[in-house]
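J.: Let me begin by handing over the structure; questions about it come next.
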Amino acid sequence: MQNLLDLIHERHSARMPYDSRRPVPQPALDQIAEAASWAPTAHNMQNFDILAVDDPNALQAIGAIETRTSPVFLRENARQLSASPEALRKRGTGVIASMFPPAWRDPDADFEAIAAAEPVVPLSHSLQGAPCLLLVLYDADKRAPASEGDVLGFISLGCVMQNMWLAAQSLGLGLQILSVFSSDTVEAAMRRMLGFPAHLKIAYACRLGYPVEPHDYVRVRRPRDAFVHHNRYGR
Ligand SMILES: Cc1cc2nc3c(=O)[nH]c(=O)nc-3n(C[C@H](O)[C@H](O)[C@H](O)COP(=O)(O)O)c2cc1C
């Protein structure tokens with residue numbers, strides 16, 4: 001149990017650059033895929049495929065795809081930010097504001113205007129040298145029974161994420177989830193490039209590789225008594 005808890009604590013979003021000259025070994029990819037395959041999924045639907053991309057030419061082409069900043073992302077992101085490590089520790093949820101440009105941090109800002117003024121950014125900024133990208137593809141043809149909006153299907157994809165992330169952590173690999181890959185425009189470009197069929201949607205992408213520096217940001221969680229209730233809510 002202690003080993004498992006240590007691994008759970010150590011798993012983190014590895015947002016630093018990765019060594020582009022150090023590929024992820026095939027046995028490591030196999031183990032991560034094995035961990036994914038044993039994730040619990042609603043009705044054991046296994047409603048996902050994994051598309052691993054480690055061909056440098058393909059990664060370069062993906063890196064050239066251009067993205068725009070979404071005002072919805074900016075607005076909702078600003079609500080999760082804390083100005084200082086102390087404020088973040090006190091709040092116990094969200095992320096530190098310094099991860100984002102100053103203009104993105106004011107929750108009352110005009111985010112339509114800010115987004116419109118942001119430059120178009122290539123995905124290479126998100127990939128940061130990653131030698132491998134795992135696309136987790138949601139199979140929309142597989143629906144969890146009696147689950148409105150297939151919410152149980154989406155929960156299942158989260159279980160897949162956690163299994164892969166813990167496996168990567170235990171192998172000494174950095175992993176960062178990149179939600180930007182599930183935007184309509186990026187998905188369309190990736191579909192053209194990589195040839196996955198229409199019923200498969202990008203749920204999320206994971207950049208994977210060996211970090212070139214240790215992570216040094218503050219990670220927080222709520223204290224257990226802020227969310228665990230005993231026998232009756234509020235106790
Ligand atoms: C569904 C989902 C989407 C996420 N999208 C991103 C993302 O696009 N970029 C990113 O850096 N982290 C992303 N994250 C990571 C979270 O921000 C991170 O897990 C959280 O801040 C806690 O930090 P930790 O992973 O270091 O414990 C995502 C996590 C989940 C579960």
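The values are calculated or read from the model by the stated rules, or taken from the named source; none is laboratory data. Everything numeric in this text was worked out from a predicted model, so none of it was measured. Cβ placement follows ideal geometry from the backbone for every residue including glycine, while neighbour counts extend to all protein chains displayed. Ligands, DNA and RNA are stripped out before the accessible areas are found, and what is left, the full protein with its side chains, is counted by its heavy atoms. Shrake-Rupley method; radii C 1.70, N 1.55, O 1.52, S 1.80 Å.
J.: In whole angstrom, how far apart do the alpha carbon centroids of the range 37-116 and the range 139-215 sit?
T.: First find each Cα centre; the distance between them is then 13 Å.
J.: Which of PRO107, GLY92, ALA117 sits farthest toward the positive end of the charge dipole of the range 80-120, with +1 on the Cβ of Lys and Arg and -1 on the Cβ of Asp and Glu?
T.: GLY92
J.: Same structure again: Compute for the chain: radius of gyration divided by Kirkwood radius, i.e. Rg/Rh, restricted to C-alpha atoms, rounded to two decimals.
T.: That ratio is 0.97, to two decimals.
J.: Based on DSSP H runs of at least 4 residues, each adding -39500 (n - 2.57), what is the mean residue ellipticity at 222 nm of the chain after dividing by all its residues, to the nearest 500 deg cm²/dmol? Mind dumping the intermediate values first?
T.: On the way: 9 runs with 86 residues, N = 235.
It lands at -10500 deg cm²/dmol.
J.: Using a 1.4 Å probe on the protein chains only, how many percent of the accessible area of the range 79-235 belongs to carbon and sulfur? Before the final figure, lay out the partial values.
T.: Values: 4750 of 8770 Å².
Of all accessible area on the range 79-235, carbon and sulfur atoms account for 54 percent.
J.: Once the principal axes of the Cα atoms of the range 147-235 are found, what is the range along each, listed largest first in whole angstroms?
T.: 53, 43, 22
J.: Here's something else I'd like to know. Per-residue counts of other Cβ atoms within 10 Å, averaged by peptide: what ranking do you get for 173-180, 97-104, highest first?
T.: 173-180, 97-104
J.: Can I ask one more? Please work out the average accessible area per residue across the chain, using the 1.4 Å probe convention, and give it in Å².
T.: Per residue, the chain has an accessible area of 58 Å².
J.: Rounded to the nearest 0.05, what FRET efficiency do PHE73 and LEU4 have when you use their Cβ-Cβ distance and R0 = 45 Å?
T.: Taking R0 as 45 Å, the efficiency between PHE73 and LEU4 is 0.85.
J.: Here is a further query. On full extension of the chain, what length is gained from HIS215 through ALA188, given 0.36 nm per residue of separation minus the C-alpha to C-alpha distance?
T.: 6.5 nm
J.: Which order, highest average first, do 128-136, 185-193, 227-235 follow once you tally other Cβ atoms within 10 Å for each residue and take the mean per peptide? Show your work: numbers first, answer last.
T.: Values: 128-136: 22.8, 185-193: 15.9, 227-235: 7.1.
Averaged packing, sorted descending, gives the order 128-136, 185-193, 227-235.
J.: Something else: Report, in debye and to the nearest 20, how large the dipole of the chain comes out about its Cα centre when Lys and Arg carry +1 and Asp and Glu carry -1 on their Cβ.
T.: In total the dipole reaches around 740 debye.
J.: How much FRET efficiency would the formula 1/(1 + (r/R0)^6) give for HIS199 and VAL120, where r is the Cβ-Cβ distance and R0 is 22 Å, rounded to 0.05?
T.: Efficiency, from the Cβ-Cβ distance: 0.15.
J.: Give me the percent of the accessible area of the range 12-74 that comes from carbon and sulfur atoms, probe 1.4 Å, all protein chains in place. Let's see the in-between values first.
T.: Working: 1960 of 3650 Å².
Percent of accessible area from carbon and sulfur atoms in the range 12-74: 54.
J.: Let a ≥ b ≥ c be the square roots of the eigenvalues of the Cα gyration tensor of the range 54-156; is it rounded (a/c under 1.5), or, if not, prolate (a/b larger than b/c) or oblate?
T.: Taking the square roots of the gyration eigenvalues as a ≥ b ≥ c, the range 54-156 is oblate.
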